[in-house]
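The structure that follows is given in the form of structure tokens.
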Amino acid sequence: MAVRKLKKINIRWVAIGITAILCLTAVIITLLLVKSYQDQSLAYINNIKQALQNGSEEFEILNSSVIYDGVYIENTPVGGLSLEEAEQKVKENLSSGSGEPYINLTYNDKSWNLSGEALGAQSSLETALKDAWSVGRTGTSSQRLEQIEKVKAEGYHISVTVLADTSLISQTLSQIKAEIDKDAVNASVSFNYNTQSNKPEFTYTEELAGCRLNIETASNEILVAFHQSSQVNYELKPEIIQPEIKLADIQHDYVRLSKFSTRTSKSNSTVESGRRTNIRISSAAFNNYVWMPGDILSFNQTTGKRTEEKGYETGLFITSDRVYDEITGGGVCQTSTTLFNAAIEAGATEVGKGGPIEITRRYPHSWPSTYVAAGRDASVNWPSADLVMRNNRTTPLFIRAYFENYTVTFEIWGVPQENDAQYEIEVVLVSETEAPPQEYVIDTAHKYVSKPGEYKVVSESRKGYFYETYQIKKVPGQEPVRTLIYTSTYNPIPGKTYYIPAEEGASE
């Protein structure tokens, strides 16, 4: 029994011990759970505190009242500054660094300085400040924060440009253009025949290059430079204009190419004396004439209108009535004819025939002249009928003209003819037409007769002729070349007899 009782007691204590152990274990576990919960709660609280703290900093950053760090305007750091502070600081730095805007233009030893006021200069600082303020202020919060950090690390630079009024620059350039532009001046030569030495004298003037300022090009280049720097020193570079004729083009050894003379009447009558005066004055207009390559020579333009103010006198002239009459300047056709013959003996031909001188206008008289062979005359009349020729050479021609001993002479000087060619003239009568009957004209104006029954033969009927004029070109060692250079037609002209019928006188 005692053993059985002892066993019951031991089992009870074992149960109590186990229960105690279990309770203790539960307590320990509970304590551990409480501890873990406390740690987690503390961490959570700390996390909440950190989140609140971070949110506050981001809020402050995103709602900053200053420009973000890393932003520069014209190398001036403006991060951490308000707009007003940034503006003041940038202005101070710009003023101390570069000073007022200007454009200084130079050309050779001349200069033109344009101040900012004269340029109507306007700065882009206001726009730059707006750009600086906008950095980090667009997008979502995370995008803004990312941009703010990037700018802080890498920097963000904004330039300030100064804009000028383009119209003011163009106006200034226009004024400068008027001052510096100049036309190119061709080389020139003057001709004078020295009668004492009996030699020609040639005086040369060298060519001068011209220049022309391109306003559009200069304005564009100046504006580009001004946008890069508000202080510009710009050298104007006008386009160089080369002269068309240079000294080398006209400086040659010149020789006489032709000489032709015609004689005048030695009569002392008023009409013939006036005619000689007219020939002397008109020929003097061509003396020492420089005939440049490509230039047109007009007899009428060279002499001008033949007037008493110029010294011209009364001379005989073939009128539209096909009769001789007195007119101021009469007789100058002998001058034009002499010039014409000097030209054709120097190689002149009609248009399209390749002569070194080109005859563009020439008129024969109403009938052959007495001072030159038929087919070799050149009639002129102001302002319609004219003798016009072009210098087709690449070198100048020179004319010497003089009147002495009742003779008018024209000489043409120039570079020797190609292959030393010489020219001779041959005139051929191709056809002849009989003279028409005399015409009888009632002189109602009483120009020639004034009494009834009177009559006056003013002109005799004239035959008609058709001539061909040939130029024979002779080159040493070659066969002569015969070329038809022009034709001359002298139409048959009825003579005129003016009269007053007897019955007209009776009625009067």
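Looking at (1) modelled with pLDDT under 95; (2) surrounded by fewer than 13 Cβ atoms within 10 Å (Cβ to Cβ); (3) not in a loop (DSSP other than H, G, I, E, B), which one does Val458 not meet, given that it meets all the others?
Evaluating Val458 over (1) modelled with pLDDT under 95; (2) surrounded by fewer than 13 Cβ atoms within 10 Å (Cβ to Cβ); (3) not in a loop (DSSP other than H, G, I, E, B) leaves (2) as the failure.
Give me the pairs, please: first residue somewhere in the range 426-437 and assigned to a loop (DSSP other than H, G, I, E, B), second residue anywhere and exposed (fewer than 14 other Cβ atoms within 10 Å of the Cβ), beta-carbon distance under 9 Å, and either six or more positions apart or on two chains.
Within 9 Å, the pairs are Ala435/Glu460.
A further question follows. Identify the residue in the range 438-455 that is surrounded by 15 or more Cβ atoms within 10 Å (Cβ to Cβ) and part of a loop (DSSP other than H, G, I, E, B) and, among all such residues, is modelled with the lowest pLDDT.
Tyr448
Among the candidates Gln242, Gln228, single out the residue that is more than 30 Å from Phe410 (Cβ to Cβ), under 16 Å from the mean Cα position of the chain (by Cα) and loosely packed, with under 13 Cβ neighbours inside 10 Å. Working first, answer last.
Numbers: Gln228 fails: under 16 Å from the mean Cα position of the chain (by Cα).
Just a single option satisfies the conditions, and that option is Gln242.
When Gln175 is evaluated against the numbered criteria (1) surrounded by fewer than 17 Cβ atoms within 10 Å (Cβ to Cβ); (2) closer than 16 Å to Ile73 by Cβ; (3) not basic (Lys, Arg), which criterion, by number, is the only one it fails?
Gln175 satisfies all of (1) surrounded by fewer than 17 Cβ atoms within 10 Å (Cβ to Cβ); (2) closer than 16 Å to Ile73 by Cβ; (3) not basic (Lys, Arg) except (2).
Sticking with this one: All but one of (1) under 30 Å from Ile61 (Cα atoms); (2) modelled with pLDDT of 80 or more hold for Ser111, so report the exception by its number.
(1)
Just to confirm my filter: which strands (runs of 3 or more DSSP E) fall fully inside the range 361-422 and include at least 3 residues that are crowded, with 17+ Cβ neighbours inside 10 Å and over 36 Å from the mean Cα position of the chain (by Cα)?
Values: elements: 388-391, 397-404, 407-414.
Once the strands (runs of 3 or more DSSP E) in the range 361-422 are filtered for at least 3 residues that are crowded, with 17+ Cβ neighbours inside 10 Å and over 36 Å from the mean Cα position of the chain (by Cα), what remains is 397-404, 407-414.
Within the range 290-312, track down each residue that is buried (at least 17 other Cβ atoms within 10 Å of the Cβ), at pLDDT 95 or above and not hydrophobic (A, V, I, L, M, F, W, C).
Asn300, Thr303
Give the range 128-137 a look and list any residue that's within 15 Å of Phe59 (Cα to Cα) and free of Cβ contacts under 8 Å to residues at least 24 places away in the same chain, or say none.
The one that is within 15 Å of Phe59 (Cα to Cα) and free of Cβ contacts under 8 Å to residues at least 24 places away in the same chain: Arg137.
Let me ask something additional. Picking from Ala445, Ala421, Ala401, which residue would you name as being touching a residue at least 60 places away in the same chain (Cβ under 8 Å), more than 21 Å from Thr337 (Cα to Cα) and among the aliphatic types (A, V, I, L, M)? Reasoning before the result, please.
Numbers: Ala445 fails: touching a residue at least 60 places away in the same chain (Cβ under 8 Å); Ala401 fails: more than 21 Å from Thr337 (Cα to Cα).
When all the criteria are applied, what remains is Ala421.
Any idea which of Glu216, Glu221 is in a helix (DSSP H, G or I), under 18 Å from the mean Cα position of the chain (by Cα) and either hydrophobic (A, V, I, L, M, F, W, C) or farther than 30 Å from Ile412 by Cβ (or both)? Spell out how you get there, then give the answer.
Values: Glu221 fails: under 18 Å from the mean Cα position of the chain (by Cα).
Being in a helix (DSSP H, G or I), under 18 Å from the mean Cα position of the chain (by Cα) and either hydrophobic (A, V, I, L, M, F, W, C) or farther than 30 Å from Ile412 by Cβ (or both) holds for just one of Glu216, Glu221, which is Glu216.
Do any residues in the range 476-488 that are within 16 Å of Leu429 (Cα to Cα) and in the same structural domain as Val372 (by TED's automatic domain parsing) have Cβ atoms under 6 Å from those of residues that are among the hydroxyl-bearing types (Ser, Thr, Tyr) and at pLDDT below 95, where the two are at least six apart or on different chains, and which pairs are they?
Taking only residues 6 or more apart or on different chains, the pairs are Ile485/Thr349.
Can I ask one more? Within the range 463-496, can you find the residues that are farther than 30 Å from Pro356 by Cβ and either under 57 Å from the mean Cα position of the chain (by Cα) or part of a loop (DSSP other than H, G, I, E, B) (or both)? Talk me through it step by step, then tell me what you get.
Step one: filter the range 463-496 for residues farther than 30 Å from Pro356 by Cβ, giving 463-464, 491-496.
Across the range 463-496, the qualifying residues are Lys463, Gly464, Asn491, Pro492, Ile493, Pro494, Gly495.
The values are calculated or read from the model by the stated rules, or taken from the named source; none is laboratory data. Given the structure is predicted, the values throughout are model-derived calculations rather than measurements. Heads up, the Cβs are rebuilt from the backbone with ideal geometry, glycines too, and the neighbour counts pull from every protein chain shown.
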